[in-house]
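See below for the structure under consideration.
Laboratory data are not the source of any read-out in this text; all were calculated from the coordinates shown. Owing to the predicted nature of the structure, the values given are computational and were not obtained by experimental measurement. Heads up, the Cβs are rebuilt from the backbone with ideal geometry, glycines too, and the neighbour counts pull from every protein chain shown.
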Amino acid sequence: MKAGRFEQAQRQHIATLVRLGEGREALAGREIIQRSWRRCVDDYRLDPSRPRPVRVLTHEALVDSREPVDELLYVARAGVDQLFAQVAPMGYVLLLTDRHGVTVDFRGHPDQDAALRRAGLYLGADWDERHAGTCAVGTCIHEARALTCHQREHFDATHIALTCTAAPIHDPQGRPIAVLDISALQSPRGLESQSFGLPLVTLYARMIEDAYFLHRYRDTTILRFDTTRAFVHFNGRGLLAFDPQGRVLAANGEGRALIDAHAQRTPPAPTQVTQLFEAELDDLLALPRCEPDQLRALRLRASGEIRFAALVEPRGVRSRQRDAAATDAVTDIATGATTASHDPVATTSTPDLDRLAGDDPAMQRLLGLARRLCRQPLNVLIRGETGTGKEVLARALHASGDRAEGPFIAVNCAAIPESLIESELFGYLPGAFTGGNPKGMRGLIPQADGGTLFLDEIGDMPLTLQSRLLRVLAEQEVMPLGAERPVKVALRVVTATHRDLAALIAEGRFREDLYYRLNGAELVLPPLRERADRRYLIQRLFAALAAEQDGAVQLRADALHALLDAPWPGNVRQLKSALAFALATREGETVTVHDLPESCRAGLVSAPPLASTSATSEAARVRRESDDALADPEGLALARTLAQASWNVSQVARQLGISRPTLYRRMRRHGLIPPNRREALRG
Ligand SMILES: Nc1ncnc2c1ncn2[C@@H]1O[C@H](COP(=O)(O)OP(=O)(O)OP(=O)(O)O)[C@@H](O)[C@H]1O
């Protein structure tokens with residue numbers, strides 16, 4: 001619209017609103033808009049003759065607004081991207097606001113940046129009806145329903161060129177939590193031209209709502225149902241989460257509609273899932289999982305209608321199968337790296353961001369930040385003591401980011417000899433130096449192109465190399481040794497260290513400018529001894545490791561309590577190794593406190609050294625050594641072989657083609673004691 005015509009349209013609009021305020025005008029057929037206009041005039045006392053620009057929050061206030069919906073934003077991302085991809089070609093932008101109308105996520109066209117900012121279609125814009133007037137987001141919040149607000153239906157004359165469609169998103173308790181909106185700066189046609197928008201935005205709002213539901217109740221059994229058979233397993237509209245006693249914990253929109261319909265016919269509202277369906281709890285729990293062609297028809301008690309249903313299992317059950325399936329994938333990624341993992345139990349999969357921690361406030365804050373960061377083009381520095389999971393976090397960041405399809409290349413700067421680190425990182429051309437591969441070598445940095453370069457132990461990188469790395473980061477290109485022209489690389493660099501980089505900078509051993517380049521954001525992992533979610537980690541790691549064996553092993557309460565109380569100087573790595581050791585050397589189907597290595601028994605660790613008898617001192621020594629054995633894959637493999645052969649030393653010696661004395665020597669070296677001797681040593 002030309003500027004003059006727009007101003008004229010604004011004047012007409014204001015005159016209409018003034019007549020409305022005086023009760024001389026009504027908006028036929030659009031009661032929802034009419035009600036909002038009335039609220040603007042009567043309740044909010046907005047003056048139609050004084051158009052106001054949209055309020056935009058400061059960066060700090062926006063960060064505060066995003067925090068409570070952080071998890072939703074993370075879960076919603078795929079849906080937001082998909083919807084935007086559909087509407088962007090038609091000139092629409094996308095807003096996701098919190099329940100107050102503050103835009104907490106946004107997708108737009110960079111070339112329209114200035115115009116979008118002016119129109120308030122921007123991150124941080126506040127579309128609360130109280131000051132923005134009638135608009136799709138604000139009115140959607142107030143009316144609790146999806147709507148289109150087209151051009152002059154906006155109250156404030158600033159917005160009368162816009163066309164916007166918004167739909168509410170609810171949390172699993174049915175409370176409004178966010179609003180999804182698509183908006184265009186202008187639309188030359190009438191309201192009917194927007195008829196595609198309402199069903200589309202409503203559909204995506206529901207998909208995001210359901211994804212959030214499944215995420216929030218991922219540790220709970222969920223009944224998924226629909227009126228038709230075809231959709232249940234991948235997009236069944238109804239979701240009901242219930243506990244092992246059958247109590248309904250949460251329901252999505254369709255689930256709530258079922259509960260309400262039941263309550264209307266036969267009050268009061270049902271609280272048990274078995275009140276809704278003609279089935280016993282055991283029958284429901286035995287329902288087929290969400291797999292095609294395996295559904296069951298259930299009759300509703302109140303109406304007699306049929307619903308087709310399947311179960312979504314709690315995460316613990318699913319993750320065991322997933323861990324097994326993911327083992328190969330992790331191994332594949334690792335082959336790209338120079339640092340072959342020496343982790344004795346590295347075969348369990350890399351957890352995604354959600355599964356890295358339980359209810360530890362510091363870890364939850366860290367993961368919230370990580371979720372926000374994983375799609376940003378920022379370099380990330382991870383700090384933490386050894387074994388706290390820095391590499392696991394780096395891998396999870398990569399896997400959750402938009403470069404997940406690209407390579408993840410891990411380089412341990414402390415492990416590569418200084419003389420080789422340059423050629424390893426940058427690569428070299430054939431004949432670049434004597435002793436090199438005659439075919440040349442593609443460096444690790446070029447290999448990470450399009451993905452993530454993870455530089456572990458960055459504090460150990462030699463100074464000369466720091467300068468070259470700085471140039472790579474600044475210019476986004478690398479010069480292989482012997483090459484004449486640089487090679488372009490697009491990478492995200494994640495670095496990790498357990499050292500105090502500030503102190504290294506003060507000592508002149510680390511470049512400050514490199515530090516700032518690498519530290520686009522900092523994630524600090526707490527040590528295991530400070531984490532409040534140790535139980536979660538123990539159980540998760542134990543389940544994953546046990547699943548690699550036969551899955552039927554139990555962790556006895558005394559072992560769990562010892563693990564909860566242990567001081568964990570070696571952090572998660574030590575915990576994982578201790579569990580692997582206990583599983584490998586256990587006698588029966590239960591891991592008890594006696595199967596754990598010495599260091600896990602906090603009381604014993606702090607006790608004075610045992611020296612009274614040769615048996616007890618031998619026991620103490622062997623147990624101490626058994627801790628060290630865990631850092632060594634050979635020790636663990638030997639322990640597994642022995643356990644599989646029920647500790648029959650002669651049989652294992654034959655199997656390995658070595659003499660019994662040699663096997664005993666190896667066992668001693670790895671601190672492995674046969675169970676019958678362990679008993680004697682304990683006594
Ligand atoms: N949250 C977690 N969930 C499951 N396993 C974990 C987690 N954190 C760490 N681990 C496991 O603990 C071990 C150590 O993790 P990782 O190598 O990531 O630690 P790190 O801090 O990088 O250690 P270092 O400082 O020695 O390089 C690995 O076996 C890893 O699989």
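Taking the simple approach of a point 7 Å from Cα along Cα-to-Cβ for both residue 16 and residue 662, what is their distance in nm?
9.3
Students often get this wrong: which residues of the stretch 212-249 have the backbone nitrogen under 16 Å from the point 7 angstrom along Cα-to-C-beta of residue 82?
Residues 212-215, 231-238 fall inside that zone.
To two decimal places, what compactness ratio does the stretch 3-206 give when its Cα radius of gyration is scaled by 2.2 N^0.38 Å? Kindly include the intermediate steps, with their values, before the conclusion.
Working: Rg = 16.1 Å, N = 204, 2.2 N^0.38 = 16.6 Å.
For the stretch 3-206, the normalised Cα radius of gyration is 0.97.
Given N residues in the stretch 65-133, what is Rg(Cα) / (2.2 N^0.38 Å)?
Values: Rg = 12.3 Å, N = 69, 2.2 N^0.38 = 11.0 Å.
With N residues counted in the stretch 65-133, Rg over 2.2 N^0.38 Å equals 1.12.
P(r) of the stretch 350-526 in 10 Å steps, Cα pairs, percent per bin?
Using 10 Å bins, I get a P(r) of 10, 38, 34, 15, 3, 0 for the stretch 350-526.
Near the amide H of residue 481, under 5 Å away, which other amide H atoms are found, from residues 5 or more places off or on another chain, if H is placed in the peptide plane?
427, 428, 429
Could you list 217, 122, 92 so that the one with the fewest beta carbons within 10 Å of its beta carbon is first and the one with the most is last? Before the final figure, lay out each step's value.
Details: 217 21, 122 17, 92 26.
In order of increasing Cβ crowding within 10 Å: 122, 217, 92.
In whole Å, what are the extents of the stretch 217-313 along the principal axes defined by its C-alpha atoms, from largest to smallest?
Dimensions of the stretch 217-313 along the principal axes of its Cα atoms: 35, 26, 23 Å.
Give me the net charge of residue 122's neighbourhood, meaning all other residues with Cβ under 12 Å from the Cβ of residue 122; Lys, Arg count +1, Asp, Glu -1.
Details: positive: 55, 107, 117, 118; negative: 105, 113, 126.
The answer is +1.
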